[in-house]
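The values are calculated or read from the model by the stated rules, or taken from the named source; none is laboratory data. Because the structure is a prediction, the values reported are computed rather than measured. Using ideal geometry, Cβ is built from the backbone for each residue, glycine included, and neighbour counts are taken over all protein chains shown. All accessible areas refer to the heavy atoms of the entire protein, side chains included, with ligands and DNA or RNA removed. Shrake-Rupley method; radii C 1.70, N 1.55, O 1.52, S 1.80 Å.
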Amino acid sequence: MTSIKNNHEKWMKAAFREAEKAFEQDEVPIGAVVVKNGIIIGRGYNQCESLNDPTAHAEIIAITSAANTIKNWRLKDCQLYVTKEPCPMCAGALVNARINMVVFGMYDEKEGCCGSLYQLCRDNRFKHQLTVKGGIMEDPCTLIIHEFFKKQRKKD
């Protein structure tokens with residue numbers, strides 16, 4: 001069990017590094033990686049502001065990157081690690097991409113759709129369901145978001 005937890009932390013650290021890139025670019029600091037067979041095949045961080053794109057969430061960018069890497073939109077046997085619980089759009093993308101597991105850092109009581117507000121990823125009315133695991137590296141994932149918004153408020 002410890003090795004599974006260590007693996008989750010290993011991949012979450014990679015997602016966290018992506019969140020740090022977003023922070024440095026004045027984007028909401030959320031990062032994601034897609035892992036297949038122990039290898040990162042996709043990376044992403046929030047780029048909504050820089051791309052003027054409301055869909056440029058970390059998860060969407062990481063999913064697109066992974067699909068391009070393996071030349072298949074079906075990301076079977078892949079796991080997505082993300083620093084914040086996915087929103088409705090991203091949870092839907094995880095289901096559509098056939099990701100088998102999502103692991104996230106901080107819970108999002110206002111918009112999270114992997115257990116907090118809704119549970120889209122485990123809804124048996126969809127053709128595909130995935131395993132959900134939250135709270136991995138929750139403290140640092142929460143802290144970077146709080147630091148970002150504290151910094152933003154000082155600018156205003």
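Scan segment 89-106 residue by residue and report those that are touching a residue at least 60 places away in the same chain (Cβ under 8 Å) and not aliphatic (A, V, I, L, M). It would help to see each step written out before you state the result.
Restricting attention to segment 89-106, the residues satisfying the condition of being touching a residue at least 60 places away in the same chain (Cβ under 8 Å) are 99, 103, 105.
Result: Gly105, single match.
Scan segment 74-83 and tell me whether some residue there is at pLDDT 95 or above, touching an Asp or Glu at 6+ places or on another chain (Cβ under 6 Å) and either open to solvent by less than 10 Å² (accessible area, probe 1.4 Å) or assigned to a loop (DSSP other than H, G, I, E, B) (or both). If you could, list the steps in order and put the result at the bottom.
Narrowing segment 74-83 to residues at pLDDT 95 or above: 74-83.
Narrowing the set further to residues that are touching an Asp or Glu at 6+ places or on another chain (Cβ under 6 Å) leaves 82.
Filter again for either open to solvent by less than 10 Å² (accessible area, probe 1.4 Å) or assigned to a loop (DSSP other than H, G, I, E, B) (or both), leaving 82.
Yes, some residue in segment 74-83 is at pLDDT 95 or above, touching an Asp or Glu at 6+ places or on another chain (Cβ under 6 Å) and either open to solvent by less than 10 Å² (accessible area, probe 1.4 Å) or assigned to a loop (DSSP other than H, G, I, E, B) (or both).
With the structure loaded, tell me whether Glu9 is assigned to a helix (DSSP H, G or I), touching a residue at least 40 places away in the same chain (Cβ under 8 Å) and either surrounded by 22 or more Cβ atoms within 10 Å (Cβ to Cβ) or of a type in the set (Val, Ile, Thr) (or both) or whether it fails that test. Spell out how you get there, then give the answer.
On the way: assigned to a helix (DSSP H, G or I): yes; touching a residue at least 40 places away in the same chain (Cβ under 8 Å): yes; either surrounded by 22 or more Cβ atoms within 10 Å (Cβ to Cβ) or of a type in the set (Val, Ile, Thr) (or both): no.
In short, no.
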Which count do you get for residues in segment 25-61 that are outside any loop (DSSP other than H, G, I, E, B), touching a residue at least 40 places away in the same chain (Cβ under 8 Å) and open to solvent by less than 40 Å² (accessible area, probe 1.4 Å)? 6
What about Lys21, is it closer than 22 Å to Cys114 by Cα, open to solvent by 20 Å² or more (accessible area, probe 1.4 Å), basic (Lys, Arg) and without any contact (Cβ under 8 Å) to a residue 40 or more places away in the chain? no
Counted residues in segment 85-142 being crowded, with 16+ Cβ neighbours inside 10 Å, small (Gly, Ala, Ser) and either touching a Leu at 6+ places or on another chain (Cβ under 7 Å) or under 26 Å from Asn68 (Cβ atoms) (or both) come to 4
